[in-house]
1. Could you give the size of the charge dipole of the stretch 4-94 about its Cα centre, using +1 on the Cβ of each K and R and -1 on the Cβ of each D and E, expressed in debye and rounded to the nearest 20?
2. Among (i) 5.3; (ii) 5.9; (iii) 7.0, which is the computed mean projected area of the Cα convex hull in nm²?
3. In nm, to one decimal, how far is the modelled label at residue 75 from the one at residue 7, with both set 7 Å along Cα→Cβ?
4. Compare the Cα positions of 88, 20, 61 along the charge dipole of the chain (+1 at Cβ of Lys, Arg; -1 at Cβ of Asp, Glu; about the Cα centre) and return the one farthest towards the positive end.
5. Rounded to the nearest 0.05, what FRET efficiency do residue 14 and residue 39 have when you use their Cβ-Cβ distance and R0 = 22 Å?
6. In which sequence would 4, 30 go, from the one with the fewest C-beta neighbours within 10 Å to the one with the most?
Amino acid sequence: MPETFWTVRWPDGAKERCYSPSSVVCEIFTPGVTYPLEDFLARSRTAMQRASDRVKAKYGHPCSNAMAQLHRIETRAQAFDGQDGASVTCLEITQ
């Protein structure tokens, strides 16, 4: 369950490095692909829930860091809510 980081570019051009306690993000995001905002959020929710579930299966408790990362993503995305054509690009994934 290697820690994994993925870098995204938000609709305003800002880049952000995101964290996952699991490599599950490699199954859900593809570097170089741009996702409509709602799709990016749905994928982020799925990735962070799966990552947290993997931690729970291994250590007996969910991963608070994964849920905190999801909260940061959802909070950041609120700035673009309702913006036509808002999208987020996955720039890279590293382990």
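Values quoted throughout were computed directly from the atomic coordinates according to the rules given, and no laboratory measurement underlies them. These numbers were taken from a predicted model, which means no experiment stands behind them. Using ideal geometry, Cβ is built from the backbone for each residue, glycine included, and neighbour counts are taken over all protein chains shown.
1. On the way: 11 positive and 10 negative charges, 95 e Å.
Taking the Cα centre of the stretch 4-94 as origin, the dipole is about 460 debye.
2. (i)
3. 2.3 nm
4. 61
5. Rounded to the nearest 0.05, the efficiency is 0.70.
6. Starting with the residue having the fewest Cβ neighbours, the order is 30, 4.
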